[in-house]
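Enquirer: Sharing a structure here in structure tokens format.
All of the numbers you see were taken from the coordinates with simple rules; none came from a lab. Just so we're clear, the structure is a prediction, and the values are computed from it rather than from any experiment. Cβ placement follows ideal geometry from the backbone for every residue including glycine, while neighbour counts extend to all protein chains displayed.
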Amino acid sequence: MSRRTVLSVTAALAVLGGAGAFALAHAEEQPPSLAHSTARYTAPEGDRDGSLAFTTDVTASSGVTGLKVLAWPEDSAFADRELTTKDMSAAEPAVCEPSGDSTVRCSYTVPVTRTDAEDSPRGTWHVATLATAEDGTTTLDAKAADFTVR
């Protein structure tokens, strides 16, 4: 093989190796991501309380430290302005259990009393989430799932 061919092949391998290392490093820095998010609202009936249940899978290459959950009506102040991580600071935590190497399954359930249901605005509600990874990165999803209060 000629010297020019050897140098070309060596240069190409160096470029490809560098691109692969960059892609691997970039993949490790990805913020948490949510998948398969669902919300289920059950209204109180008779003398039985209802509930709001939310479930999602959270994946982060560094691991997941937690997920905060906030349900909000579509006709609220959050509809007029962007929801922020500061807004989520008082949100309630979900319970998260490992379900893979870097994935956890998080669920959040809260009872809905008759008084809660009567005082709640009717219509579409959204579930906002703030996922936090072990490396400190966060992902805010203002509309991770929706449900309807009738």
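Enquirer: What's the Cα-based Rg to Rh of the stretch 78-150, Rh via Kirkwood?
Expert: Here Rg/Rh amounts to 1.01.
Enquirer: What is the gain in length, in nm to one decimal, between Ala35 and Arg150 on full extension, counting 0.36 nm per residue of separation less the C-alpha to C-alpha distance? Mind showing how you got there, number by number?
Expert: On the way: separation 115, 0.36 × 115 = 41.40 nm, distance 2.66 nm.
Extra length from Ala35 to Arg150 when fully extended: 38.7 nm.
Enquirer: How big is D for the stretch 41-83, in µm² s⁻¹ as a whole number, if Stokes-Einstein is applied with the Kirkwood radius of its Cα pairs at 20 °C and 1.002 mPa s? Let's see the in-between values first.
Expert: Values: Rh = 13.9 Å.
Translational D for this selection: 154 µm²/s.
Enquirer: Sticking with this structure for a sec: According to a simple spin-label model (label point 7 Å from Cα along Cα-to-Cβ), what is the distance in nm between Thr55 and Ser89?
Expert: Going by the 7 Å Cα→Cβ label model, 3.3 nm.
Enquirer: Moving on. Starting from the Cα-Cα distance between Asp116 and Arg81, subtract it from 0.36 nm times their residue separation and give me the gain in nm to one decimal.
Expert: In short, 10.1 nm is gained.
Enquirer: Enter the Cα centre distance for the pair the stretch 47-69 and the stretch 96-150, rounded to the nearest angstrom.
Expert: If you average the Cα positions of each part, the centres end up 5 Å apart.
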